[in-house]
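To keep things clear, I will list the structure first and then write my remarks on it.
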């Protein structure tokens with residue numbers, strides 16, 4: 001195995017690679033003490049993400065503009081980071097009724113790496129660039145790189161190619177934003193429009209970034225897509241109203257949403273949902289406004305899918 005002293009030194013400087021002084025003797029703890037130590041460290045993720053809300057806000061504005069313009073959100077990552085991106089993307093269609101192409105995930109090593117670790121796959125910048133090209137990324141798209149260490153070559157290659165192709169870029173990392181100012185990250189810095197950097201500190205087990213770092217990344221991705229979908233009219237109140245009824249559970253959830261939103265009983269919700277061809281938004285507007293399905297659909301088109309505005313019979317905000 002070849003020596004790479006520069007990489008060694010680079011990794012040694014990363015916050016995510018430091019030794020956690022609070023858990024140096026964790027191998028001597030009893031089970032409950034181990035669990036309390038892990039839990040104590042996990043609580044730090046909430047505050048770390050909270051401090052990044054101004055940057056998350058900027059990222060969401062970019063994402064919403066892109067999706068409104070016919071673009072896509074594409075997550076790129078390796079290992080745990082890649083799997084988290086794929087998970088978030090996979091949950092959007094059943095939750096918000098989106099086309100699977102709208103939010104996508106790419107992982108170093110391809111589909112098999114979702115289930116079986118391919119650690120060496122993260123080392124090739126060229127693979128990241130290739131995968132972005134295969135997605136035909138363009139100027140309407142947003143590419144979000146997820147890299148706990150900030151330095152993952154695969155992610156850097158993908159973001160560099162995305163920026164070259166005119167896409168806007170977001171970086172989610174759990175190392176300090178100040179690291180981007182270092183000479184070693186000069187090229188990466190040029191590729192990033194918005195950096196989201198929750199500093200969760202050293203892991204309970206040194207370098208095991210599937211723990212606090214992974215938790216913080218998951219929280220950020222939840223915020224990105226959930227807020228974007230709200231701003232795209234996929235939510236009424238705090239309820240999913242664009243869900244696809246692809247299972248009996250989701251069909252019954254759709255009826256319950258209609259009942260809660262309108263105050264009707266189960267039988268009425270079922271009947272109106274059938275009349276609306278299974279479209280929850282249409283059913284809600286029908287009931288709340290006492291109009292036909294055709295009229296409700298017209299109102300929703302005028303309101304660009306926003307249920308509240310359709311009920312009030314107003315055009316949506318820009």
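Within region 99-112, can you find the residues that are in contact with a helix residue (DSSP H, G or I) (Cβ under 6 Å, 6 or more places away or on another chain) and either surrounded by 21 or more Cβ atoms within 10 Å (Cβ to Cβ) or part of a helix (DSSP H, G or I) (or both)?
Of everything in region 99-112, those that are in contact with a helix residue (DSSP H, G or I) (Cβ under 6 Å, 6 or more places away or on another chain) and either surrounded by 21 or more Cβ atoms within 10 Å (Cβ to Cβ) or part of a helix (DSSP H, G or I) (or both) turn out to be 103, 105, 106, 107, 108.
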Has region 49-70 got any residue that is assigned by TED's automatic domain parsing to the domain that holds residue 201, closer than 26 Å to residue 126 by Cβ and under 11 Å from the mean Cα position of the chain (by Cα)?
-> no
Can you pull out the residues in region 65-74 that are crowded, with 23+ Cβ neighbours inside 10 Å and either modelled with pLDDT under 95 or more than 15 Å from residue 147 (Cα to Cα) (or both)?
-> 73
Quick count over region 256-286, residues being in contact (Cβ under 8 Å) with a residue 24 or more places away in the chain and over 17 Å from residue 97 (Cα atoms), is 3
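Restricting to region 161-178, and then to whatever is over 21 Å from residue 80 (Cα atoms) and touching a residue at least 24 places away in the same chain (Cβ under 8 Å), can you tell me which residue is surrounded by the fewest Cβ atoms within 10 Å (Cβ to Cβ)?
Here is the first cut: in region 161-178, the residues over 21 Å from residue 80 (Cα atoms) are 161-168, 178.
Now restrict to residues that are touching a residue at least 24 places away in the same chain (Cβ under 8 Å): 161-163, 165-168.
Values: 161: 23, 162: 27, 163: 18, 165: 17, 166: 11, 167: 23, 168: 21.
So the residue we want is 166.
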Would you mention how many residues in region 128-159 are crowded, with 20+ Cβ neighbours inside 10 Å and part of a helix (DSSP H, G or I)?
-> 10
Can you name every residue in region 287-310 that is within 21 Å of residue 266 (Cα to Cα) and free of Cβ contacts under 8 Å to residues at least 40 places away in the same chain?
-> 287, 288, 289, 290, 291, 292, 293, 296
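Looking at the structure I just gave you, is residue 204 outside any helix (DSSP H, G or I), in contact with a helix residue (DSSP H, G or I) (Cβ under 7 Å, 6 or more places away or on another chain), within 30 Å of residue 35 (Cβ to Cβ) and assigned by TED's automatic domain parsing to the domain that holds residue 142? If you could, list the steps in order and put the result at the bottom.
Values: outside any helix (DSSP H, G or I): yes; in contact with a helix residue (DSSP H, G or I) (Cβ under 7 Å, 6 or more places away or on another chain): yes; within 30 Å of residue 35 (Cβ to Cβ): yes; assigned by TED's automatic domain parsing to the domain that holds residue 142: yes.
Yes.
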Among the candidates 204, 192, 200, 143, single out the residue that is within 25 Å of residue 13 (Cα to Cα) and touching a strand residue (DSSP E or B) at 6+ places or on another chain (Cβ under 6 Å).
-> 192
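Every residue, every condition in (1) within 28 Å of residue 167 (Cβ to Cβ); (2) in contact with a strand residue (DSSP E or B) (Cβ under 9 Å, 6 or more places away or on another chain), yes or no:
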residue	(1), (2)
43	no, no
52	yes, yes
56	yes, yes
68	yes, no
74	yes, yes
79	yes, yes
What residue, among those in region 75-96 that are farther than 17 Å from residue 155 by Cβ and surrounded by 20 or more Cβ atoms within 10 Å (Cβ to Cβ), is farthest from the chain's Cα centre (by Cα)?
-> 96
Selection within region 202-217 - in contact (Cβ under 8 Å) with a residue 40 or more places away in the chain and surrounded by fewer than 18 Cβ atoms within 10 Å (Cβ to Cβ) | 205, 206, 207, 210
Which residues, taken from region 270-285, are surrounded by 17 or more Cβ atoms within 10 Å (Cβ to Cβ) and over 13 Å from residue 241 (Cβ atoms)?
-> 270, 272
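Given 226, 268, which one is at pLDDT 95 or above and under 27 Å from the mean Cα position of the chain (by Cα)?
Numbers: 268 fails: under 27 Å from the mean Cα position of the chain (by Cα).
Result: 226 is the single residue among 226, 268 that is at pLDDT 95 or above and under 27 Å from the mean Cα position of the chain (by Cα).
Can you confirm whether region 165-173 contains a residue that is assigned by TED's automatic domain parsing to the domain that holds residue 80, within 20 Å of the chain's Cα centre (by Cα) and in a helix (DSSP H, G or I)? Give the derivation first.
Step one: list which residues in region 165-173 are assigned by TED's automatic domain parsing to the domain that holds residue 80, which gives 165-173.
Those still in the list that are within 20 Å of the chain's Cα centre (by Cα) too: 167-173.
If we keep only those that are in a helix (DSSP H, G or I) as well, we get none.
Scanning region 165-173, I find no residue that is assigned by TED's automatic domain parsing to the domain that holds residue 80, within 20 Å of the chain's Cα centre (by Cα) and in a helix (DSSP H, G or I), so the answer is no.
What about residue 186, is it more than 17 Å from residue 146 (Cβ to Cβ), free of Cβ contacts under 8 Å to residues at least 60 places away in the same chain, assigned to a helix (DSSP H, G or I) and in the same structural domain as residue 96 (by TED's automatic domain parsing)? Outline the logic, then answer.
Values: more than 17 Å from residue 146 (Cβ to Cβ): yes; free of Cβ contacts under 8 Å to residues at least 60 places away in the same chain: yes; assigned to a helix (DSSP H, G or I): yes; in the same structural domain as residue 96 (by TED's automatic domain parsing): yes.
Spelling it out, residue 186 is indeed more than 17 Å from residue 146 (Cβ to Cβ), free of Cβ contacts under 8 Å to residues at least 60 places away in the same chain, assigned to a helix (DSSP H, G or I) and in the same structural domain as residue 96 (by TED's automatic domain parsing).
The values are calculated or read from the model by the stated rules, or taken from the named source; none is laboratory data. Just so we're clear, the structure is a prediction, and the values are computed from it rather than from any experiment. A quick note on method: Cβ atoms are made from the backbone with ideal geometry, for glycine too, and the neighbour counts reach across all protein chains shown.
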